[in-house]
Protein chains: 2
Amino acid sequence: MSDLKNDRFLRALMRQPVDATPVWMMRQAGRYLPEYRATREKAGSFMDLCMNPELACEVTLQPLERFPLDAAILFSDILTIPDAMGLGLYFSEGEGPRFKRPVRDRAAIDALGVPDPEQDLRYVMDAVRTIRRELNGRVPLIGFSGSPWTLATYMIEGSSTKTFARSKGMMFDEPALMHSLLDKLAAAVTEYLNAQVAAGAQALMVFDTWGGTLSPRDYKAFSLAYMQRIVDGLTREADGRKVPVILFTKGGGQWLELMADTGCDALGLDWTTDIGDARARVGDRVALQGNLDPCTLYASPQAIRRSVGEILASYGKGSGHVFNLGHGIHPTIPPEHAAAMIEAVHELSRPYHAT
Amino acid sequence: MSDLKNDRFLRALMRQPVDATPVWMMRQAGRYLPEYRATREKAGSFMDLCMNPELACEVTLQPLERFPLDAAILFSDILTIPDAMGLGLYFSEGEGPRFKRPVRDRAAIDALGVPDPEQDLRYVMDAVRTIRRELNGRVPLIGFSGSPWTLATYMIEGSSTKTFARSKGMMFDEPALMHSLLDKLAAAVTEYLNAQVAAGAQALMVFDTWGGTLSPRDYKAFSLAYMQRIVDGLTREADGRKVPVILFTKGGGQWLELMADTGCDALGLDWTTDIGDARARVGDRVALQGNLDPCTLYASPQAIRRSVGEILASYGKGSGHVFNLGHGIHPTIPPEHAAAMIEAVHELSRPYHAT
């Protein structure tokens, strides 16, 4: 704890007093930064970059050099676990992630093993250790994983999908088979996140990118139940400090109460929920992270500042808010616009934390 | 009124007693039907099909020949209004709708006129008249339009978009300019829908496909406010019978109370909201239409039947429910699976309407 120079992010997640609202951005290490594009070019493919701990560390730190961000997030991909399970992840230009060997039947699912993080995902753990060392206590490091449901959709479809034809087909037709896949994934994600904490991650986030495509009933049974299992199995303390856990279901604004019931520390919010309403709904059970529409960053710095002010005002006084976009920053956003957002958060939030 | 042989759909929208829950499907006249694909082939392009009243009538009636559906919906596209405004709509294979002349500045928006439906959109009105005549009172005919916000996004982007970069950029940076476009579109949609009623439409639906991509504040100001204006300006009675109006914001499950406040007759629900919860929230102010996950139709007829039963049970006893998918039927769904859904709705709903 003593080595952390800026702990606003961790304090806000624990709803402890802060001087200003902390801020980071999903995909803050990404294509909108020319220095990221240069490193990516040097690395080769996207996965080459993820698998090289030195370069993954380099891109993780790039946005911190530019902006006074309050947290760093491990540079990696949510699909490292299925790749380590043997599905053969690759990225085809303009089409997103693909698997050479999607899983679509009982035999394929039964054959999957739970990866040993320090062996099968060693490159991720090495990246965590390298980044933590290079951060040298500047800000906390966030580790992450995809949710079991989200990973399962990619593993079954073999690629991104608009319709979820195969994955939802399996869910509706062979629920027991889907549960056996999700069961394995929950175990794998728990071990993976705990290994990240052992390697140096100081907070954890579970990205449930596709939970919001489910009906409430299916969300509870096929996504939330497995995030619950993960929350229950996580190491929640390291170096004498709590390791907060953030759950983020994109499109999950109707289910915040259920998500808070898992015992996680914070909820990620996309921009379709008013953060003040969300705070009233979850009370003091969890902190909230969000929730600027990422498209706001296409607008002028003045418009960005106004929108930041509205979100801060809606959340209101006191700690428990980590400012973020409601989704990853788009690749065509000018970096100066991100700078305007970050500056506005730190400046405009101070009155809400004055005692 | 006397000429309508099956008025379950209209009665349910007015929350009047029915013998069974009525059902129709968004995109029921569409690519999942081989007979549709044959007519489409004969017509040429998708817009050629829309612009030919006889063929538009033919495809509108096709699903009614196969299934005991309780409503027909005009076969057309939501982008007919911008096309009539001079933007030059065309469809490029696999890429969806495009405009030759998108509108991106004050001059382009000021130059837009409000189309005269009987002149500039005559082919739509002719299709409505033809379909109404050919239906011969079998079931009611639904007319429809896109919402102003939804139309504006296509008009500004010039195509489908994942990021809404230009349209949201305009909304954030030049709200007055965006409002002047939405203002014109609200007037155009109102006239267009009223002309459809004059031509024979017996219920109306406004598709707000992209309202759910907005923050609550922006939704109210840039989408809902203009749907309110439309509801206020619509002809609500024809042939001595009420013409019910359905508002559907995809992803709008968090805003049902606000939508019900517009004075519309019914709300469309996507599948991310539990319909029983939605009913409790809106009370007896509006009927509800929905809300089976369209992916359910990839599953077996038994699984479909079970899911239909769950939705009917969640809605509970009494009228006020029109069964539908939560979004358009996917092109690769086997028609027998749609049949299983429709049969299950009619069979399983009767106990909920017994007196």
- Task: With springs connecting C-alpha atoms under 10 Å apart, model chain B as a Gaussian network and identify which of B:Leu177, B:Leu185, B:Leu69 has the largest mean-square fluctuation.
- Result: B:Leu177
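Over the stretch B:101-245, what relative contact order in percent results from Cα pairs under 8 Å that are six or more residues apart? Working shown, then result.
Values: 174 pairs, mean separation 46.7, N = 145.
Normalised by residue count, the contact order of the stretch B:101-245 is 32 percent.
Using only the Cα atoms, what convex hull volume per residue in Å³ does the protein assembly as shown have? Could the numbers behind the result be given before it?
Values: hull volume 105.2 nm³, N = 710.
With only Cα atoms used, the protein assembly as shown gives 148 Å³ per residue.
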- Of A:Lys168/B:Lys250; B:Lys42/B:Lys250; A:Lys5/A:Lys242; A:Lys250/B:Lys220, pairs whose Cα-Cα distance is over 27 Å: B:Lys42/B:Lys250
- Message: For the stretch B:192-345, give me the percentage of DSSP beta bridges that are antiparallel, rounded to the nearest 5 percent.
- Response: 10
- Nearest-0.05 FRET efficiency for A:Asn136 and B:Asp19, computed from C-beta distance (R0 56 Å): 0.15
- Listed by chain and number, the residues whose amide H is under 5 Å from that of A:Ser159, excluding neighbours fewer than 5 places away on the same chain and using placed H, are A:Phe99
- Among all stretches of chain B without exposed GluC sites (Glu not before Pro) (DSSP loop, at most 12 other Cβ atoms within 10 Å), which one is longest? B:96-355
- Projected label distance in nm at A:Glu65 and B:Glu95, using a 7 Å step from Cα toward the beta-carbon: 3.7
- Taking a straight Cα-to-Cα line shorter than 14 Å from A:Lys100, and setting aside same-chain aspartates and glutamates fewer than 8 residues away, one finds A:Asp83, A:Glu157
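List every DSSP H helix in chain A whose Cα atoms extend 24 Å or more along the helix's own long axis and whose mean Kyte-Doolittle hydropathy is at least -0.5.
Counting only whole DSSP H runs, the qualifying helices are A:175-199, A:335-353.
Evaluate E = 1/(1 + (r/R0)^6) for A:Arg217 and B:Lys242, where r is the Cβ-Cβ distance and R0 equals 35 Å; express this FRET efficiency to the nearest 0.05.
Numbers: r = 34 Å, r/R0 = 0.96.
Working from the Cβ atoms, E equals 0.55.
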- Choose one answer from A:Asp83, A:Asp208, A:Asp284: the residue with the largest mean-square fluctuation in a GNM of chain A with alpha-carbon springs under 10 Å. A:Asp284
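Over the protein assembly as shown, what is the percentage of antiparallel beta bridges among all DSSP beta bridges, to the nearest 5? Walk me through the numbers on the way to the answer.
Values: 14 of 62 bridges.
Counting only bridges with both partners in the protein assembly as shown, antiparallel ones make up about 25 percent.
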- Task: When you have a sec, figure out the Kirkwood radius of the stretch A:239-355 from all distinct Cα pair distances and drop it here in Å to one decimal?
- Result: 14.7
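Relative contact order for the stretch B:228-281: what percent, with Cα pairs under 8 Å and sequence separation of 6 or more? It would help to have the intermediate numbers written out before the result.
Values: 50 pairs, mean separation 18.2, N = 54.
Relative contact order of the stretch B:228-281: 34 percent.
Which FRET efficiency value, to the nearest 0.05, is calculated for B:Lys162 and A:Arg37 with the Förster distance at 25 angstrom and r the Cβ-Cβ distance?
Details: r = 20 Å, r/R0 = 0.81.
Plugging the Cβ-Cβ distance into 1/(1 + (r/R0)^6) gives 0.80.
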- Looking at the stretch B:74-185 from every direction and averaging, what is the projected area of its Cα convex hull in nm²? 7.9
- Query: Which whole-number percentage describes the relative contact order of chain A, with Cα contacts under 8 Å and a sequence gap of 6 or more?
  - Reply: 22
- Item | For the stretch A:215-224, 3J(HN,Hα) per residue [Karplus equation, 6.51 cos²θ - 1.76 cosθ + 1.60, θ = phi - 60°, Hz, x = Gly/Pro] | 6, x, 4, 6, 4, 4, 6, 10, 10, 4
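Since every read-out is calculated from the coordinates, none of them should be taken as a lab result. Quick caveat: nothing in here was measured; it's all calculated off a predicted structure. We place every Cβ from the backbone using ideal geometry, glycine too, and count neighbours over all the protein chains shown.
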